[in-house]
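Colleague: Got a structure for you, questions after.
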Amino acid sequence: MMAEEMTKIICITCPMGCTLEVTHEGKTITKVDGYECKKGLEYAEAELTDPRRMVPSTVKVKGGVHPLVPVCTAAPIPKPLIFDLLAELRKVELQAPVQIGQVVFGDAFGTGVDVLATRNLPAA
Ligand code: SF4
């Protein structure tokens, strides 16, 4: 049987930033303290079983008024994929003009999450 342990997690669901004290055996939660609302419980569960993050970055643009355009995932992706996603985004080179909301890298690693441009970038 796995030993019970306590992990402190900051809930990032809202600006309150509650510190959750999550008691768990492996990925099975037995107790959560420190949350102000039930979204904190959902966040604790997600963090232990399938932690995800939004990933902001930039990609290269040819022929634009700037050499880079900011991009972001359209939804949070599993944390273990972040490093690989950043490596893939470094290889992308778009042609200006770039429209806000344009898909820069579609269906990242089969997650169904697209990476989108977050700014318009006109051609030079
Ligand atoms: S537990 Fe609720 S109040 Fe606290 S940070 Fe999370 S969402 Fe906000």
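Colleague: Taking the chain as a Gaussian network, Cα atoms linked when under 10 Å apart, which of Ile12, Ile100, Ile82 shows the biggest mean-square fluctuation?
Modeller: Ile12
Colleague: Amide H neighbours of Met54 under 5 Å, counting only residues 5+ apart in sequence or on other chains, H built in-plane at 1.01 Å?
Modeller: It is Ile77, by chain and number.
Colleague: Here is a follow-up. Divide by every residue of the chain the summed helix terms, -39500 (n - 2.57) for each DSSP H run of at least 4, and state the resulting mean residue ellipticity at 222 nm, rounded to the nearest 500 deg cm²/dmol.
Modeller: On the way: 2 runs with 22 residues, N = 124.
Helix contribution divided over all residues of the chain: -5500 deg cm²/dmol.
Colleague: Rounded to the nearest 5, what is the percent of antiparallel bridges among the DSSP beta bridges in the chain? Present the calculation step by step, with values, prior to reporting the outcome.
Modeller: Working: 26 of 29 bridges.
Close to 90 percent.
Colleague: For segment 13-22, what does the Karplus curve 6.51 cos²θ - 1.76 cosθ + 1.60, with θ = phi - 60°, yield as ³J(HN,Hα) per residue in whole Hz, taken in order and with x for Gly and Pro?
Modeller: Going residue by residue, I get 5, 9, x, 4, x, 4, 8, 8, 9, 9 Hz, with x marking Gly and Pro.
Colleague: Follow-up. Give, rounded to the nearest 20 debye, the magnitude of the charge dipole that the chain has about its Cα centre when Lys and Arg contribute +1 at Cβ and Asp and Glu contribute -1 at Cβ. Provide the component values of the computation, followed by the final result.
Modeller: Values: 13 positive and 15 negative charges, 132 e Å.
Around 640 debye, computed over the chain.
Colleague: Once you place label points 7 Å from the Cα toward the Cβ at Val65 and Ala46, how far apart are they in nm?
Modeller: Once both label points are built, they end up 3.6 nm from each other.
Colleague: Using the charge dipole of segment 24-117 (Lys, Arg: +1 at Cβ; Asp, Glu: -1 at Cβ; taken about the Cα centre), state which of Val98, Thr73, Pro51 has its Cα farthest towards the positive end.
Modeller: The residue sitting most towards the positive pole is Val98.
Readers should treat all values here as calculations from the given coordinates under stated rules, not as data from a laboratory. Given the structure is predicted, the values throughout are model-derived calculations rather than measurements. Glycine gets a Cβ as well: all are built from the backbone with ideal geometry, and neighbour counts include every protein chain shown.
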